[in-house]
Amino acid sequence: MTATNDWNASIVDEFRANEGRVGGPFAGAPLTLLHHRGRSSGREYIAPVMYLPDDADPAVIYVFASKAGAPTHPEWYLNLVSAGRTEVEVGTHTYEVTVTELVGADRDRIFDEQARRYPGFAGYAEKTAGVRTIPVLALHRV
């Protein structure tokens, strides 16, 4: 198991043991566990990521494929876009969602709000400037 998988596994365990709350870099932040299946491998994975709840629709959350400002997209993003559906864990609830990628002004508005609330996301955008635009996915509860 890689260091990333070990790190994710410890966050997943902490999330589940504490009704969706974790410490460390995610302390106090809204966190979801994204279930996804590898496009080539077919293996099942879980990625802990921060989310932004939609202010008007409680059935929608937004996730950000920042990969901490890395030059490439995270695998979970590519897997979710390919699948179009997945399952998420939010707090003590697990449910199915459809996946929609936001573009243009909608993407920018949601990303800017996340960066306002959590300035680290602005730093990720600075790191990726000229390399890639950080994707924003809307996850709609089924």
(Q) Quick check on segment 75-89: of everything there that is among the acidic types (Asp, Glu) and under 13 Å from Leu139 (Cβ atoms), which residue is surrounded by the most Cβ atoms within 10 Å (Cβ to Cβ)? (A) Glu89
(Q) If I go through segment 90-110 residue by residue, how many of them are of a type in the set (A, V, I, L, M, F, W, C) and either modelled with pLDDT under 95 or over 18 Å from His140 (Cβ atoms) (or both)? (A) 1
Q: State all residues of segment 121-142 that are assigned to a helix (DSSP H, G or I) and touching a strand residue (DSSP E or B) at 6+ places or on another chain (Cβ under 9 Å); if no residue qualifies, say none.
A: Phe121, Tyr124
Q) Quick check: anything in segment 97-115 touching an Asp or Glu at 6+ places or on another chain (Cβ under 8 Å), surrounded by 12 or more Cβ atoms within 10 Å (Cβ to Cβ) and not in a helix (DSSP H, G or I)? A) yes
Q.
Looking at segment 105-142 only, could you name the residues that are over 26 Å from Ala83 (Cβ atoms), free of Cβ contacts under 8 Å to residues at least 40 places away in the same chain and of a type outside the set (Gly, Ala, Ser)?
A. Asp112, Arg116, Pro119
Q: Please enumerate the residues belonging to segment 102-130 that are under 10 Å from Gly69 (Cα atoms) and of a type in the set (A, V, I, L, M, F, W, C).
A: Phe121, Ala122, Ala125, Ala129
**Q.** Single match in Thr72, Thr92 (criterion: under 26 Å from Thr133 (Cβ atoms), loosely packed, with under 13 Cβ neighbours inside 10 Å and in contact (Cβ under 8 Å) with a residue 40 or more places away in the chain)
**A.** Thr72
Q: Just give me the residues in segment 25-41 being within 17 Å of the chain's Cα centre (by Cα), without any contact (Cβ under 8 Å) to a residue 24 or more places away in the chain and over 21 Å from His93 (Cβ atoms), in sequence order.
A: Pro25
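The values are calculated or read from the model by the stated rules, or taken from the named source; none is laboratory data. If you're wondering where the values come from, they're calculated on a predicted model, not measured in any experiment. Reconstructed Cβ throughout: ideal geometry from the backbone, glycine too, with neighbour counts over all protein chains shown.
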